[in-house]
Amino acid sequence: MPTVEINKAQISYEVFGEDQAGCPPIVLIHGSTSTGRRDWQHIAPLLALEYRVIVPDCRGHGRSTNPQGGYSFRQMADDVAALIQALGYTHAHVIGHSNGGNVALVTLLEHPEVVQTAVLQAANAYVSQDLVEKEPGKFDPERVARKAPGWRDDMIALHGATHGADYWRKLLQITVTEIISEPNFTPEQLASVTRPTLVIQGENDRVNAESYHGQFIAQHIPAAELWIPEGVGHNVHLEQPCAWAERVRDFLRRRGDAANETLYRLHRARYAESRETLFEARAAADGQDIKGQVLTEEQQEAIKQALPEAETGSLKVLLTESTPWALVSRPVTDLRRATSNHSERLSQVRFGEAVRILDESEGWARVQVIHDGYLGWLHSAALQPVSESEAAAYRAESQTLVVGALAPLFACAEAGEIIGHLPFGVRVPLIERKGDFAALRQPDGKCVWLRASDLLPLEERPASGAEGIPWALALIRRFMGTPYLWGGRTPWGYDCSGLAQTFWGVLDVALPRDADQQFRGGEAVEGAMQPGDLLFFGRAANPATFTTQRVTHVAIALDAEHYIHANGITWSTAINSLNPDAPDFSPSLLKALLGVKRYR
């Protein structure tokens with residue numbers, strides 16, 4: 001292994017991979033009492049497929065000397081900065097684990113000039129009381145000799161050849177002295193960081209998770225990302241090396257250079273709502289050519305302003321004046337996250353609703369749903385291409401509401417063979433009445449018949465308010481027992497926000513698609529709720545654990561106590577009560593109640 005003199009110590013290091021033009025190397029910093037090879041032997045070759053990777057032994061570890069007999073995180077950070085420069089680089093992606101994560105954090109704050117990006121795993125920005133209480137006993141040499149001889153033998157094998165067979169005792173002592181002393185960064189100091197940062201902490205990390213160290217760092221470093229993989233302990237890179245390597249590579253691809261970092265921050269600040277917008281722009285390695293796709297020309301212009309020297313000719317804008325229009329010609333079709341029937345159902349689009357076709361791929365169409373702005377993929381065969389004026393005309397002519405739960409369709413004006421159904425809540429254009437039947441014009445221009453009793457002209461619909469809300473609630477109550485369906489918007493299956501959107505939709509009040517979006521609208525209700533109010537449930541913000549408010553569920557008030565909701569508890573549409581003495585009271589839902597909103 002080569003060595004280089006850094007700050008009066010001989011620092012030993014290994015190198016993997018080749019230098020890439022215009023791409024800074026990666027420096028991997030190991031944890032306490034370990035070495036670079038021990039901590040990163042599986043990770044370094046994976047990262048070396050795309051990057052030059054430098055793996056040093058920190059001073060006093062492995063083959064690196066320690067002439068001063070002790071160390072601090074600041075001293076090791078000085079070593080990292082000097083090593084990067086001594087090897088001929090101006091910047092590096094600095095990645096550290098555990099104590100090495102602390103070294104990477106100190107490097108990030110005190111030597112930002114050499115840091116391209118930082119990945120901080122199992123790091124802590126301050127010394128919490130639990131570390132002061134637990135770590136001295138854990139690192140006590142006598143305890144290690146008695147109860148952890150395997151750790152002792154491992155340290156002798158790693159460090160003994162350079163530092164002597166009994167050095168492990170001193171290494172434990174100088175390590176724990178540092179652990180319970182530093183670092184001590186304030187939120188204000190963390191807020192000064194300008195480099196892209198990824199924070200990693202295993203969900204079951206017994207060293208860091210208890211005091212939410214990862215969350216603390218990620219909350220206070222601007223634009224930091226936080227990854228907390230489930231079911232993983234302190235050594236994420238060892239427990240899940242493939243997932244770890246892919247996560248880090250993805251982070252470096254997205255934020256590993258100045259141009260892509262600019263795009264990331266623009267995306268995060270203005271276009272982060274992926275349900276209603278699309279921002280998939282990436283800069284080439286030289287930062288001069290922007291490729292990918294965005295939804296609107298306004299986004300393209302924002303990129304030009306943020307990166308005036310870059311070319312955007314390769315950037316595709318999906319929503320322009322020439323973007324095709326279509327109407328949904330099936331009773332309902334699933335809106336998927338990707339071009340697969342196994343992909344997540346994001347929502348559903350119903351008969352006669354308009355979309356813009358943003359892209360097409362092998363029988364799938366990527367669309368923007370006009371009425372709520374949702375984006376996703378659906379089967380192209382479910383669409384009838386039309387012009388913008390034809391879509392507007394069809395909507396204007398759709399002056400009749402389907403009030404039947406699942407209204408049967410017939411080929412002619414008689415109760416013959418049922419050829420399909422239309423779901424409750426869709427609007428249709430009627431063109432003829434004949435006895436008990438009415439004909440509607442489908443998006444393709446053909447006619448189909450329904451029973452007139454399943455239809456209601458919009459002019460006969462009760463107005464929203466004292467008359468309309470009880471009428472709409474009576475219609476919704478028919479769906480008691482309807483299966484819960486993630487993304488569902490029909491009586492074949494509803495999800496919670498789909499039911500709320502449908503309820504208010506029949507009263508001609510347009511709601512966003514999802515519960516958290518719906519929660520941002522309406523008026524906050526103080527005091528007793530009224531029929532039609534929306535109850536929102538989820539997780540309240542908790543500053544102590546650095547968690548933010550999260551809205552996950554919505555229900556519709558039936559009266560001052562009861563509410564109806566499509567839910568994943570009973571996997572159906574059901575009624576519950578806020579009254580603790582009621583048989584249908586749900587204590588878990590009451591505990592999760594975040595607030596009530598009123599729409600009109």
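Rule-based calculations on the coordinates, nothing more; no lab input. Please read all numbers here as calculations on a predicted model, not as lab measurements. Cβ: placed from backbone, ideal geometry, glycine included. Neighbour counts: every protein chain shown.
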Point to revise | Residue among V106, H163, Q116 farthest towards the positive dipole end of region 98-198, charges placed on Cβ | key: H163
Practice item. Please sort by residue number the GluC sites (Glu not before Pro) in region 407-447 whose DSSP state is loop and whose Cβ has at most 16 other Cβ atoms within 10 Å. Key: E414, E417
Check your understanding: Taking Cα pairs under 8 Å and at least six residues apart, what relative contact order does the chain come out at, in percent?
Key -> 7
Point to revise | Residue-by-residue Karplus 3J(HN,Hα) for region 520-532, coefficients 6.51, -1.76, 1.60, Hz, glycine and proline x | key: 6, x, x, 10, 5, 9, 10, x, 5, 7, 10, x, x
**Study point:** Lys pairs, the chain - Cα-Cα below 15 angstrom, 8 or more residues apart or on other chains
**Key:** 5
Practice item. Report ³J(HN,Hα) in whole Hz for each residue of region 546-557, in order, from the Karplus equation J = 6.51 cos²θ - 1.76 cosθ + 1.60 where θ = phi - 60°; Gly and Pro get x. Key: 6, 9, 9, 4, 9, 8, 10, 7, 9, 9, 10, 5
Review point. For the chain, what is the mean residue ellipticity at 222 nm derived from helices alone (per DSSP H run of n ≥ 4: -39500 (n - 2.57); sum divided by total residues; nearest 500 deg cm²/dmol)?
Key: -8500 deg cm²/dmol
Check your understanding: Once you charge only the Cβ atoms, +1 for Lys and Arg and -1 for Asp and Glu, what is the size of the charge dipole of the chain about its Cα centre, to the nearest 20 debye?
Key -> 640
Exercise for review: Send over the per residue convex hull volume for region 325-394, Cα only, as a whole number of Å³.
Suggested key: 70
**Study point:** Of the DSSP H helices in the chain, those whose Cα atoms cover at least 15 Å axially and whose Kyte score averages 0.0 or more
**Key:** 73-86, 99-110, 167-179
Practice item. Please report C447, C242, C23, C58 as a ranked list, fewest other C-beta atoms within 10 angstrom at the top and most at the bottom. Key: C242, C447, C23, C58
Practice item. Using the Cα centre as the reference, give the magnitude of the dipole from point charges on the C-beta atoms of region 154-311 (Lys, Arg: +1; Asp, Glu: -1; all else neutral), rounded to the nearest 20 debye. Key: 200
Practice item. Determine the dipole magnitude for region 258-319: charges of +1 sit on the beta-carbon of Lys and Arg, -1 on that of Asp and Glu, nothing else is charged, the reference point is the Cα centre, and the result goes in debye to the nearest 20. Key: 200
Review point. Arranged by the count of other C-beta atoms within 10 angstrom, fewest first, what order do E321, E110 take?
Key: E321, E110
Review point. Once both labels are modelled 7 Å past Cα along the beta-carbon direction, what's the A157-C242 spacing in nm?
Key: 2.6
Revision key, fill the gap. For region 398-459, the Cα-Cα pair-distance distribution in 5 Å bins from 0, as whole percents, is 4, 21, 35, 29, 10, 1, 0
Point to revise | Loop GluC sites (Glu not before Pro), region 165-231 (other Cβ atoms within 10 Å of the site Cβ: 14 or fewer; DSSP) | key: E203, E230
Review point. What's the Kirkwood radius of region 258-319 in Å, using all Cα pairs?
Key: 11.3
Check your understanding: When the gyration tensor of region 55-175 is built from Cα positions, what are the square roots of 5 times its three eigenvalues, in whole Å, from largest to smallest?
Key -> 27, 18, 11
Point to revise | Per-residue HN-Hα couplings for region 572-589 [Karplus 6.51, -1.76, 1.60; θ = phi - 60°; Hz; x = Gly/Pro] | key: 6, 8, 9, 10, 10, 10, 8, 7, x, 8, 7, x, 9, 6, 10, x, 5, 5
Study note, to complete from the structure: Taking only C-alpha positions in region 508-548, Rg and Dmax in angstrom work out to 13.0, 42
Point to revise | Neighbour-count order for Y599, Y51, fewest beta carbons within 10 angstrom listed first | key: Y599, Y51
**Study point:** Amide H contacts under 5 Å for S32, placed H, 5+ residues apart
**Key:** N99, G100
Practice item. Tell me the label-point distance for the pair L590, D286, using the 7 Å Cα-to-Cβ offset, in nm and rounded to one decimal. Key: 6.7
Practice item. Please compute the Cα-Cα pair-distance distribution of region 448-600 with 5 Å bins starting at 0, giving whole percents from short to long. Key: 2, 9, 18, 22, 21, 14, 7, 4, 2, 1, 0, 0, 0
Check your understanding: What whole-number value in cubic angstrom gives the convex hull volume per residue for the C-alpha atoms of the chain?
Key -> 187
